[in-house]
Amino acid sequence: MKSMLFDLSAKPELLPLATVVRPLQHVVAQQDAAFFLMGAAARDVMLLHVHGIDTKRTTQDVDFGVMVRDWATFEALRDALVAGGEFKAVSNDAAHKLRHVSSNYPLDIVPFGGVERSDRTLAWPPDGHTVFDCFGMREAMLSSHQVHLPGGVLVNVASIPALALLKITAWQDRKRTFPGRDAPDLLLYLRHYLDCGNLDRATTDHPDLFAAEDPDYEENSARLLCRDLLAHIDDTAAKRLLVILRPEIDDQGPLLLAQQSGVPLQRARRIIRAFATELLRNP
């Protein structure tokens with residue numbers, strides 16, 4: 001899976017997103033930082049607008065991962081966004097949450113990079129009591145696609161495998177507190193990855209996926225997504241994913257991921273197992 005360029009500049013429905021990205025681009029460049037679009041907005045860009053797959057989930061939330069050197073850089077970036085007048089702070093207790101004034105879109109700017117601890121988490125200052133898991137963000141940034149939005153705006157958007165990686169991380173963190181929030185999106189990525197312009201490549205480059213007498217399309221979709229993801233993560237990250245998913249493919253396990261997915265239980269289990277099988281085969 002290579003990074004690609006998608007031209008969505010003729011889609012007027014993406015103009016509100018472009019109006020959010022443009023001022024953020026300017027401020028991030030001034031702070032010598034970098035960012036990419038993630039979350040539900042990235043899901044809609046990649047599935048709906050690039051590949052025509054109806055996500056059946058609507059949102060106005062716009063989430064960005066912002067790679068910064070240190071906390072001072074992040075604080076300067078946030079202050080500059082608010083000072084510019086196009087964004088306003090939502091709460092002093094949630095420094096990453098802003099609101100775009102003209103569109104009223106909620107905005108999350110989540111730092112990673114130089115603010116991460118050795119376990120890939122960050123602890124929000126000043127007291128460090130609130131901890132966020134950054135696992136997957138660096139990988140998503142490095143494997144992101146470039147997307148042309150209306151008005152000449154170019155933005156990096158997380159790839160579908162990277163979005164799946166971030167969803168697994170989010171699900172692990174929120175599976176008890178927000179059941180049903182993350183699993184449906186993850187299954188959406190797994191089930192439809194072949195539909196995202198990948199079927200011809202799969203039949204040519206991965207013929208073993210179709211060697212069975214009656215290959216399962218959605219299971220093969222999940223397997224190909226995992227293979228593409230493995231090309232962009234290291235062995236430590238792959239093992240971490242397996243730790244999260246192994247209980248979910250155990251017949252005696254909790255099966256929370258399948259139960260929360262909105263997909264019939266046995267179908268969801270087979271798709272999740274197909275994805276995890278590729279992790280188990282990773283040398």
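So for the chain: antiparallel DSSP bridges make up what percent, rounded to the nearest 5?
Once the DSSP bridges in the chain are tallied, antiparallel ones form about 65 percent.
Could you grab the relative contact order for region 41-200? Cα pairs under 8 Å, six or more apart, rounded to a whole percent.
Once normalised by length, the contact order is 17 percent.
Based on Cα coordinates alone, diagonalise the gyration tensor for region 158-204, multiply each eigenvalue by 5, take square roots, and list the semi-axes in whole Å, largest first.
Output for region 158-204: semi-axes of 26, 10, 6 Å.
Report Rg (one decimal) and Dmax (nearest whole number) for region 94-157, counting Cα atoms only, units Å.
Just the Cα atoms of region 94-157 yield Rg and Dmax of 14.6, 41 Å.
Heads up, I need the accessible area for Asp205: 1.4 angstrom probe, whole protein in place, Å², nearest 10.
In the full protein context, Asp205 sits at about 100 Å².
On each of the three principal axes of the Cα atoms of region 171-283, give max minus min coordinate, whole Å, ordered largest first.
On the principal axes, region 171-283 reaches 42, 31, 26 Å in Cα extent.
Among Leu241, Leu37, Leu186, whose mean-square fluctuation peaks in a Gaussian network model of the chain (Cα, cutoff 10 Å)?
Leu241
At q = 0.22, 0.26 Å⁻¹, what is the base-10 log of I(q)/I(0) for region 207-267 according to the Debye formula with one equal point scatterer per Cα and no solvent? Please give it to two decimals.
After summing over all Cα pairs, the log10 values are -1.10, -1.14.
Considering all alpha-carbon pairs of region 60-133, what whole percent are spaced by more than 13 angstrom?
Of the Cα pairs, 66 percent sit more than 13 Å apart.
Ranked by accessible surface with a 1.4 Å probe, highest first, in what order do Val28, Val90 come?
Values: Val28 5, Val90 80 Å².
Ranked list, largest accessible area first: Val90, Val28.
Relative contact order for region 104-198: what is it in percent, counting Cα pairs under 8 Å that are at least 6 residues apart? Walk me through the numbers on the way to the answer.
On the way: 88 pairs, mean separation 15.9, N = 95.
Computed over region 104-198, the figure is 17 percent.
Just flag the trypsin sites (Lys or Arg not before Pro) in region 50-148 sitting in loop per DSSP whose Cβ has no more than 14 other Cβ atoms within 10 Å.
Passing sites in region 50-148 are Lys56, Arg57, Arg69, Arg117.
Roughly how large, in nm² to one decimal, is the mean projection of the convex hull of the alpha-carbon atoms in the chain?
Directional mean of the projected Cα hull area for the chain stands at 15.2 nm².
Quick check: the distance between the Cα centres of region 92-155 and region 260-280, to the nearest angstrom?
Taking the Cα centre of region 260-280 as reference, the centre of region 92-155 is 29 Å away.
With just the Cα atoms defining each centre, how far is region 65-83 from region 170-194? Give it in Å.
Spelled out, the Cα-based centre of one part sits 29 Å from the other.
Just to be sure I follow: if Rg is taken over the C-alpha atoms of region 146-227 and Rh is the Kirkwood radius over the same atoms, what is Rg/Rh?
On the way: Rg = 15.5 Å, Rh = 14.4 Å.
We get a ratio of 1.08 for region 146-227.
How big is the Kirkwood radius of region 1-151, worked out from every pair of different alpha carbons and given in Å to one decimal?
For region 1-151, the Kirkwood estimate is 16.1 Å.
Choose one answer from Leu163, Leu142, Leu187: the residue with the largest mean-square fluctuation in a GNM of the chain with alpha-carbon springs under 10 Å.
Among Leu163, Leu142, Leu187, the largest mean-square fluctuation in the Gaussian network model of the chain belongs to Leu142.
The values are calculated or read from the model by the stated rules, or taken from the named source; none is laboratory data. Keep in mind that what you see is a predicted model, and the values were worked out from it rather than measured. With ideal geometry, Cβ positions are generated from the backbone for all residues, glycine too; neighbour counts draw on all protein chains shown. Accessible surface is based on the protein model in full, side chains and every heavy atom, while ligands, DNA and RNA are left aside. Shrake-Rupley method; radii C 1.70, N 1.55, O 1.52, S 1.80 Å.
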